[in-house]
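Enquirer: Here it is, the structure in full.
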Amino acid sequence: MPPLPLTSRRGFFRSAVALVPAGTLAGCDLKSPDTSAPDSNPAASGPQAPGADYQPHFFDAKEWAFVHAAVDRLIPSDSEGPGAVEAGVPEFIDRQMDTPYAHGTLWYMQGPFQQGVPELGYQLKLVPRDLYRLGIAAVNGYCIKTWSHSFDALDAPTRDTVLAALETGKIGLADVPATVFFGQLLQNTREGYFCDPIHGGNRDMGGWKMIGFPGARADFMDFVNQNGQAYPYGPVSIQGKRT
């Protein structure tokens, strides 16, 4: 792939996933470098086809509005590619909430529970489902107290201000550390944007097309040593769909 400047969104995303194995991208197991959020291991949530008419199973109406409003600001649409909402990231996150990952089934969940130094990784008793449910309620409560509106009703610059404050821990949330909640949201947004479409996100493989990722193709040997050359074919999903 030809290099692009980091001032380009496409260039930024390419640099962010350049060291991720192709099988990881295709299987959607991207990891956030933010150790304040628990490691993710999203799995396919079922054979149902993703689509714009998707109805959430985990999030209620207020939470669903929050997720849309938040991921829209984390990855907005522009001339280089679709935004997180257009890519189906909210659907991806909702579907992940029904997996063992979101229930913390495979985690060691015995006490003591306390946030330690970053080198120890995630130490809290909250599983992803809890982080979303408590975090969204707390952020909406903060926004209503501060601006008399829930997060999704705020204008884009104010939503950006809230997200930045969450990322830096400048907002104190009652039931979940702000940085942990933001890390979870950002991590899942990245995953939903670049996952295989079978998981509900990366609709029409827009994320893959933006960075030139070939997807779940079986053979790349003809292109292994063609460094700096653009891949000439479009991506293919796990289900064999092409664009």
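Enquirer: Can you name the condition, by its number, that PHE213 falls short on among (1) modelled with pLDDT under 90; (2) outside any loop (DSSP other than H, G, I, E, B); (3) buried (at least 19 other Cβ atoms within 10 Å of the Cβ)?
Expert: Exception for PHE213: condition (2).
Enquirer: Quick one: how many residues across segment 167-188 are surrounded by fewer than 24 Cβ atoms within 10 Å (Cβ to Cβ) and under 22 Å from TYR54 (Cα atoms)?
Expert: 2
Enquirer: Within the set of pairs 6+ apart or on separate chains, which have a first residue in segment 123-142 that is part of a helix (DSSP H, G or I), a second that is among the basic types (Lys, Arg), and C-beta atoms under 9 Å apart?
Expert: ILE136/LYS62; ALA137/LYS62; ASN140/LYS62
Enquirer: Then there is this: Which pairs have Cβ atoms under 7 Å, sit 6 or more apart or on different chains, and link a residue in segment 179-203 that is on the phi > 0 side of the Ramachandran plot to one that is modelled with pLDDT of 90 or more and of a type in the set (Ser, Thr, Tyr)?
Expert: Going by the 7 Å Cβ cut-off, the qualifying pairs are ASN202/TYR193.
Enquirer: Which of the residues belonging to segment 87-111 are of a type in the set (Ser, Thr, Tyr) and either outside any helix (DSSP H, G or I) or touching a Cys at 6+ places or on another chain (Cβ under 8 Å) (or both)?
Expert: Passing the criteria: THR99, THR105, TYR108.
Enquirer: Of the residues LEU163, LEU173, only one is in a loop (DSSP other than H, G, I, E, B), of a type in the set (A, V, I, L, M) and either in contact with a Phe, Trp or Tyr (Cβ under 9 Å, 6 or more places away or on another chain) or at pLDDT 95 or above (or both); which?
Expert: Numbers: LEU163 fails: in a loop (DSSP other than H, G, I, E, B).
Residue meeting the stated conditions: LEU173.
Enquirer: When you go through ALA69, ALA84 one by one, which is the residue that is part of a loop (DSSP other than H, G, I, E, B), touching a Phe, Trp or Tyr at 6+ places or on another chain (Cβ under 7 Å) and touching a residue at least 24 places away in the same chain (Cβ under 8 Å)?
Expert: Working: ALA69 fails: part of a loop (DSSP other than H, G, I, E, B).
Of ALA69, ALA84, the one residue that is part of a loop (DSSP other than H, G, I, E, B), touching a Phe, Trp or Tyr at 6+ places or on another chain (Cβ under 7 Å) and touching a residue at least 24 places away in the same chain (Cβ under 8 Å) is ALA84.
Each row is one residue, and each column tells you yes or no for (1) part of a helix (DSSP H, G or I); (2) at pLDDT below 95; (3) surrounded by 12 or more Cβ atoms within 10 Å (Cβ to Cβ); (4) among the polar types (S, T, N, Q).
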position: PRO2; (1), (2), (3), (4): no, yes, no, no
position: THR7; (1), (2), (3), (4): no, yes, no, yes
position: PHE12; (1), (2), (3), (4): yes, yes, yes, no
position: LYS31; (1), (2), (3), (4): no, yes, yes, no
position: PRO38; (1), (2), (3), (4): no, yes, yes, no
position: ASP53; (1), (2), (3), (4): no, yes, no, no
position: ALA65; (1), (2), (3), (4): yes, no, yes, no
position: PHE113; (1), (2), (3), (4): no, yes, no, no
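Enquirer: ASN188 passes all but one of (1) under 16 Å from VAL71 (Cα atoms); (2) in contact with a strand residue (DSSP E or B) (Cβ under 8 Å, 6 or more places away or on another chain); which number fails?
Expert: Among (1) under 16 Å from VAL71 (Cα atoms); (2) in contact with a strand residue (DSSP E or B) (Cβ under 8 Å, 6 or more places away or on another chain), the lone unmet condition for ASN188 is (2).
Enquirer: For the structure I just gave you, tell me whether ASP204 is part of a helix (DSSP H, G or I), surrounded by 16 or more Cβ atoms within 10 Å (Cβ to Cβ), modelled with pLDDT under 95 and more than 16 Å from the chain's Cα centre (by Cα). Talk me through it step by step, then tell me what you get.
Expert: Numbers: part of a helix (DSSP H, G or I): yes; surrounded by 16 or more Cβ atoms within 10 Å (Cβ to Cβ): yes; modelled with pLDDT under 95: yes; more than 16 Å from the chain's Cα centre (by Cα): yes.
Considered against the rule, which asks whether it is part of a helix (DSSP H, G or I), surrounded by 16 or more Cβ atoms within 10 Å (Cβ to Cβ), modelled with pLDDT under 95 and more than 16 Å from the chain's Cα centre (by Cα), ASP204 comes out as yes.
The values are calculated or read from the model by the stated rules, or taken from the named source; none is laboratory data. What you see is a predicted model, and the numbers here were worked out from it, not measured in a lab. For neighbour counting, all protein chains shown are included, and Cβ atoms are generated from backbone atoms with ideal geometry for every residue, glycine included.
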